[in-house]
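Working notes, structure below.
What follows is calculated from the coordinates using simple rules that are stated; it is not laboratory data. These numbers were taken from a predicted model, which means no experiment stands behind them. In this analysis, Cβ positions are derived from the backbone assuming ideal geometry, glycine residues included, and neighbour counts consider all displayed protein chains.
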Amino acid sequence: MLKTDPYTINIGPQHPSAHGGLRAETIMDGEDVQDVIVHLGYVHRSVEKIAESRTYAQFVPYASRLDYLASHLPTLGYVQAVEKLLGITVPERAEYIRVIVAELSRIASHLIFAGSLAIDLGATTGMIYCYRDRERIMDMFEMSSGQRLIASYMRIGGVSHDFPDSFYPAVKSFLGDLPKMISEYHGLLSGNEILQARCKGVGVLSADDAIAYGITGPNLRASGVAYDIRREDPYGIYDRFEFNVPTGHCGDSWDRYTVRIEEIEQSGRIIEQALRDMPAGDYLGKVPRIIKPPAGREVYHRIESAKGELGYHIVSNGTDKPHRVHVRAPSFVNMMALPLVSRGGKLQDIITNIATLDPVLGESDR
Amino acid sequence: MTSHDNSIGVGAAELMAALRQLAGIDEISQDEFFVYLQVDVSRLVSVMRSLLNDWGMNYLANLSAVDYDSEFEVVYHLYAIPDNGKKIAVKVRVPHQQAQVPSLVTVFPTADWQEREAFDLMGISFSGHPNLVRILLPDDFSGHPLRKDFRKEA
Amino acid sequence: METIFIDIAEFLTSWMVGLGLAPLWADLIITILQWAVIVLIITVNTIVLVWMERKVSGFIQERIGPNRLGPFGAFQTIADTLKLLTKEDIVPARADKLIFKTAPMFFIIVSVMLYAVLPLGNNMAVVNLNVGLFYFISLGSLSTICLLMAGWGSNNKWSLVGAMRSVAQMISYEIPLAFSLLGVVMIAGSLNLSDIVTAQNRLWFIILQPVAFIVYFIAATAELNRGPFDMPEAEQELTAGAYTEYTGMRWALFFLAEYTNLVAVSALAATLFFGGGQGPLLPSWLWIIIKTYLIMLVFMWMKWTFPRIRMDHLLSFSWKVLIPVSLANILVTGAGLELFRWMGW
């Protein structure tokens, strides 16, 4: 009988599939994974500490750098948390604008997910097709906010600009092309035998484990738990829209992939409804020039970001700067599942699992 | 027209009354979003366990630590999956000198990394945690930056 | 046109003999000259191939591809080659230096040696070997040893995993590759590549041996370490596998050898299954170039479309699908041959 010794390899922080700066210390026996130890913090920028020395409004650009793949979502969560703290309301039109850009951000994030899954599995072409379609969303963001990737579009009390006229035809043609795009992904990626073999049954996360480890977002829904904060605990005006919460069957990588592709369709539905119902009016409400929430108030506000539950815990001390801002980052908590789902798999499965758990390191390391 | 109506809504009074029966609560209060339970450190684990087992609060959404000048406050935000309308925030306070809180890893596995983060950035030691090491900062970093007395260097 | 290269060779030989050289020495000089020409063709051809691969991938991915240097970006690869030539040659401090340094040389030598037996047109093989096919297959598996040398010499875990993968892959895919060619050999009745081409005068073997061709194509993709079977490199998993530690020209030699192998394997496919240099109007050497390029196009198409297969799936595919299929193919071919002989064809 051959005697084998386990050896350790570091996947990351410098690695083509490390999604930024993730380091997965992997203990291997041949090609079999015995254990994975995740090391975070390579892109830690002390955002929470910075928040304590910035005014409430000044923090918005920092929030946009958390989940930089869908920058409207972290900024949305932050401004809504501050609005809760102040007890102010937002004009109707601003709410609809927020929903439209937030859902577009979600689509953009999921397209990056599909693209990076494809390239992590070695299908370079799949990535290009997803990025090609995401590019149209980036163009729309450029129209609305002037910024493509990390847009500080949200304002406390509304948004910074109204949509320009050119935005509507762009978003409508994008929504019109969405079914075509999705069928193209199904043809190129979902229908591919190799991709299915690499994803099906790989990285199975049971529903009980997912709940116990606080896994949220598409990763939780892939495990068969229909828990979507937009549905369960609606924030903003999400209770006005009709959409399905897609769920998976067994919580493997394949389910995590299909759930996200279905979510793209559902986001498209929400945007369609929002465009239909959008009223005229102000896009920015009346907000005091200097934002000073009453002392001792605290709030925990959570939204369904593209990656999962994104929460802000903000404590005020009566000054114009927050006493404490804590970001509950979905990617941070979701990465706890990586060792869980990778043990006992193959080296190549870790790559699949990192890709399908879809972390964004700017958010998890903060 | 209020937009953020994800408050706890009706049933809050009943929830408050029922929660008063829960052993080990020092103080109970509520605002429009959460029911806040102030719990003594020594009873934290038992309160959490009964919230999990008897109240179905199976989802520890958030764990954050706040530095008030002489004390630290650790706040746990609890929800249920599937949602049962209850939103409970449990708070414990510990003095600066003895910043030690029992770990909840055995009750909520998700507390693992969140406690490590609170340890890393705020310097709260979670007793009973299986692997309490820094998670975001480098291992050789000294100090806990989110403390208010942490000296910032430009 | 048909015999232009043979005529040149004959003219040179007779010219040298005319100068008073012994015919043996003249032949030797011609052989060396042929080798030099082949090496030159390989190098230039690789530059063309890299450009072609970039353009093909650009086309598949709705991009333009290289378009700045020269017409249609044709000089881009030349610029890249110059860059690689001038790059610093880094040898890791703890590498096994001798093995590390010689691995790329062996790799390219083995690849170039493949061309010795390829008939690049009628009567245009450098060496018309009786056991040409056998020679080809055995040399093809040698490249794995070079990869193992690279992986071991680098003293890097990624490289070693990549090298071990390549060994496992070679052991598994060498068998269906050889078996798939056996059917062709049985029909042609010879291991000599020129004879096999002649045997296809009436009917190309792709029609008689379609299963063998498919098996050969898949196994060859694995042998070439090309996507979707590029396990030893596996950029997204093993960073660059066995090539991780290589820089500059040493890395370029691997790159060169990979493309050289690609051409050789495609040319062999054209020889064995598509009638070699046979075709109307055009001279035979042009036909084989056209066929080789078309086959390479399919290889590129596959690489840019498929994700990478998982290692254990790769091995089980070989042992559970390809080997039984190729064995059955040999059986059917043998039975068919007997049947035809019995019918008196």
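For the protein assembly as shown, the alpha carbon positions stretch 111, 64, 60 Å along the principal axes, listed from largest to smallest. Treating only the Cα positions of the stretch C:182-227 as identical point scatterers, give the base-10 log of I(q)/I(0) from the Debye formula at each q in 0.15, 0.23 Å⁻¹. Computed log10 I(q)/I(0) values: -0.43, -0.83. To the nearest ten degrees, helix B:44-55 and the longest principal axis of the Cα atoms of chain B are 30 degrees apart. The value of relative contact order for chain B, using C-alpha pairs under 8 Å at least six residues apart, is 17 percent.
If you rank A:Thr352, A:Thr8, C:Thr77 by fewest surrounding Cβ atoms within 10 Å, what's the result? All intermediate terms of the calculation are to be shown ahead of the outcome.
Values: A:Thr352 30, A:Thr8 12, C:Thr77 21.
Sorted ascending by nearby Cβ count, the order is A:Thr8, C:Thr77, A:Thr352.
Taking the radius of gyration and the Kirkwood hydrodynamic radius from Cα positions alone, what is the Rg/Rh ratio for the stretch B:17-123, to two decimal places?
Values: Rg = 13.2 Å, Rh = 14.0 Å.
My calculation puts Rg/Rh at 0.94.
With the cut-off at 17 Å, report for the stretch A:2-101 the share of all Cα pairs above it, as a whole percent. Mind dumping the intermediate values first?
Values: 3329 of 4950 pairs.
Taking all Cα-Cα pairs of the stretch A:2-101, the fraction more than 17 Å apart is 67 percent.
Amide H contacts of A:Ser71 (H built 1.01 Å from N, in plane; Pro and chain starts excluded): A:Ala151 sit under 5 Å, all sequence-distant by 5 or more or on other chains. Think of the protein assembly as shown as having a plus end and a minus end, set by charges on the Cβ of Lys, Arg, Asp and Glu; of C:Ala257, C:Phe11, C:Asn225, C:Phe11 sits farthest toward the positive end of this dipole. Ordered by the count of other Cβ atoms within 10 Å of each Cβ, fewest first, A:Val38, B:Val39 give A:Val38, B:Val39.
Neighbours of B:His129 by Cβ distance under 9 Å: Lys/Arg scored +1, Asp/Glu scored -1, total -1.
Semi-axis lengths, largest first, of the ellipsoid equivalent to the stretch A:174-329 are 35, 23, 12 Å, with √(5λ) applied to each eigenvalue of the Cα gyration tensor.
Kirkwood's formula applied to the C-alpha pairs of the stretch C:1-86 gives a hydrodynamic radius of 15.9 angstrom. Per residue of chain A, the DSSP helices (runs of n ≥ 4 H) give a summed -39500 (n - 2.57) that works out to -14000 deg cm²/dmol at 222 nm.
All alpha carbon pair distances within the stretch C:200-292 were sorted into 5 Å bins beginning at 0; the resulting P(r) in whole percents reads 3, 13, 17, 19, 15, 11, 10, 7, 4, 1, 0. The distance between label points at A:Ser183 and A:Tyr7 comes to 4.9 nm (points 7 Å beyond Cα on the Cα→Cβ vector).
Other chains' Cβ within 10 Å of A:16-27 residues: what's the mean? Numbers along the way, then the final one.
Values: counts 7, 4, 0, 0, 0, 0, 0, 0, 0, 0, 0, 0.
Per-residue shielding by partner chains comes out at 1.
Only Cα sites of the stretch A:246-366 enter the Debye sum here, all with the same form factor; the resulting log10 I(q)/I(0) across q = 0.14 1/Å is -0.86, listed in q order.
Shown here is the pair-distance distribution of the stretch C:88-343: with all Cα-Cα distances grouped in 10 Å bins from zero up to the longest one, the shares run 7, 30, 33, 20, 7, 1, 0 percent.
Which percent, to the nearest 5, of DSSP beta bridges fully inside the stretch B:23-136 are antiparallel?
Working: 22 of 30 bridges.
Antiparallel: roughly 75 percent of the beta bridges in the stretch B:23-136.
Once the convex hull of all Cα atoms in chain A is built, its volume per residue stands at 130 Å³. Annotation note: trypsin sites (Lys or Arg not before Pro) in the stretch A:163-218 located in DSSP loop regions with a Cβ neighbour count of at most 15 within 10 Å are A:Lys200.
Each part reduced to its alpha carbon centroid, the stretch A:1-57 and the stretch C:187-263 end up 36 Å apart.
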